Structure formats: structure tokens, C-alpha cells
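Report on the structure given below.
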Amino acid sequence: MRILLAEDDEIIADALIRALKRGGFAVDHVPTGSEADAALASQSYDLVVLDLGLPKLPGIEVLKRLRARKSTTPVLILTAQDAIEERVRGLDAGADDYMTKPFALPELEARARALTRRGTGQGRCITLGLLSYDQADRVVMVSGQVVELSAREIGVLETLLLRAGRLVSKEQLVDHLCGWGEEVSHNAIEVYVHRLRKKLEPSGLKIATVRGLGYCLEKPDAAT
Ligand code: CA
């Protein structure tokens, strides 16, 4: 799940980035409205967290342009506490939800999860053999037992599950895990896969290494 965060206040942005990453999202951050507009015109996101008071191009204008392009990407707007009119205009322009500053970070995480779930038409649960994965709550279970995984391990597993039986390159895994300017090395990916193999052992699922190319989560009928 990839989020575009448009927020010019550095302190707020840093806190939001940390909270969203903790929630397992990859975050791209832009500090101006014009950069937000450019990013949204060229890439697709699962959610936009949009401050309305942005330099260069007001947040409301970014939102209007996004909707004018017929994008249905969910948008959560951030507004000042007493700016009721601003909020109404935002919702009228096609925002899906709003939060007023200051807000509690766990609430933002919860709303981001709810909006991305709505956006993808999910509370989707993926089942493969003995393993089940709830995409909305990001919970992995094997034979009904919760498996403790880090946010990054879940990110890797999610990518492999969505392409089960097919090759997933290390680049695809890196893309899925990272926002701009973040680096996850191929070595780190190898470590996540190594840990996943161990933790998922009871499921009987195998993550095959395709040398030089990437990984493939084998479907149970193919794994012997
Ligand atoms: Ca602002």
C-alpha cells in the first residue's frame, strides 16, 4: 500500500511519515501542492493524505484536479481545527474523510487503513494452503494461529501472495516496501525472505529462490 503525503509542516510531516510506516504503508512525501499534483498525475497511490494549506498550489486545487482526472483514489484531508468551511469545501470537492489538526496518530493510522480498504474494495482475505492473510488488518495466520511478523516482512509476504505461483523480482519487492528516498537493499530483502521462510515453516508454503531473478511463492499443489 502506497500513500502520497502532501504536508508542508516538517514536524507534522515527520510524525505522519513515522506513524504511517509503522502501519505498514510505503510513504512518498511532498511539501508543496504543485509537487503533489505532479506526483498524482504520474503515479497511482492507494491513498492521499492532503493538507489543504499547502504552498504553490492549495490543497483544494490539488484535490479538484485529481477528481477532474476521474481518479477515485481515496483522499484524507487535513485541516486547521476551526476551519469548518474549508472542511466542507474539501468534502464537496471529493475528499473521502478529514482530520483536524492536532490529531492523534493512532487515529490517523486507523482512518488510513479504513480508507485504503474501501479504495481496494477489500477487507480482503487471501488464503493459500494453511495460511490466511487479512489485507485490511494485516494479520497473518497459519492454521488459525497468528504469526508475528514485522511490517516489512508482511509487505514482502503480501507482494508474494498477490503473485503466488509467479516470479517476483527483488525490485518489485523494494518498490512495494519503499517510499521515495528510502532504501532497502537487496541484502535486506534476502533477510526478510529468510525470516519469512522460518516463520511460515508450519504452513508448508515454500518461497523458492529463482537465482538472479527473484522469488516465487509456490502454490501448495506445486509444493511437494
Ligand atoms: Ca500547511
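Structure notes:
- Between 0 and 90°, nearest 10: helix 33-42 axis offset from the chain longest Cα axis: 40 degrees
- Potential extension, I84-K101 segment - 0.36 nm per residue separation minus Cα distance: 4.9 nm
- Mean-position separation - Cα centroids, the range 173-217 and the range 6-80, in angstrom: 29 Å
- DSSP beta bridges in the chain [antiparallel fraction, %, rounded to 5]: 50 percent
- Normalised contact order of the chain, rounded percent, pairs of Cα under 8 Å and 6 or more residues apart: 16 percent
- Degrees between helix 10-22 axis and first principal axis of the chain (Cα, 0 to 90, nearest 10): 30 degrees
- Separation in nanometres of the label points that stand 7 Å from Cα toward Cβ, at R18 and T32: 2.8 nm
- Under 17 Å from the Cα of K56 - lysines, other chains or at least 8 residues apart: K64
- When the P(r) of the range 2-120 is calculated, the portion above 18 Å amounts to 44% of the C-alpha pairs.
- Relative contact order (%) - criterion: Cα under 8 Å, at least six apart; region: the range 142-211: 39 percent
- Across the range 51-68, rounded Karplus estimates of 3J(HN,Hα) from the backbone phi angles (6.51 cos²θ - 1.76 cosθ + 1.60, θ = phi - 60°) give 6, 7, x, 10, x, 6, 9, x, x, 4, 6, 4, 5, 4, 5, 4, 6, 5 Hz, Gly and Pro being marked x.
- From helices alone, the chain scores -12500 deg cm²/dmol at 222 nm; the rule is -39500 (n - 2.57) for each run of n ≥ 4 DSSP H residues, then divide by the residue total.
- Degrees between helix 186-199 axis and first principal axis of the chain (Cα, 0 to 90, nearest 10): 60 degrees
Laboratory data are not the source of any read-out in this text; all were calculated from the coordinates shown. Since we're looking at a predicted model, the values are computed, not measured. Backbone-built Cβ (ideal geometry, glycine too); neighbour counts: all protein chains shown.
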